[in-house]
Amino acid sequence: MPAGRVAAVKARVGARGFSAYVSAAVERQIQRDLLEESLRAKEAEIGPPTQEIQDWAAAIFREAEEQAARLEPGEEKR
């Protein structure tokens, strides 16, 4: 990992929280990879999503990002 990223993580969580932070990031990436694989397999099976479905999904993601942005640091996500 580049030294700048290590420093950024340590500045955010301290040296003692580094391992847990990195572990959580790896877990999220694995989940994203598995989701991407599932989506590609489904698309190969039934074809690409319609524009309507793509627009709906984009709106859902925007809403989730807006909700996350409103959370205070340390506040539990719902």
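The values are calculated or read from the model by the stated rules, or taken from the named source; none is laboratory data. Not measured: the values here are computed from a predicted model. Cβ: placed from backbone, ideal geometry, glycine included. Neighbour counts: every protein chain shown. The area values use the complete protein model at the heavy-atom level, side chains included, leaving out ligands, DNA and RNA. Shrake-Rupley method; radii C 1.70, N 1.55, O 1.52, S 1.80 Å.
In segment 49-78, the qualifying residues are those that are loosely packed, with under 10 Cβ neighbours inside 10 Å and part of a loop (DSSP other than H, G, I, E, B), and the one that is modelled with the highest pLDDT is Thr50. If only residues of segment 8-42 that are open to solvent by 100 Å² or more (accessible area, probe 1.4 Å) and farther than 20 Å from Phe61 by Cβ are counted, the one that is farthest from the chain's Cα centre (by Cα) is Arg16.
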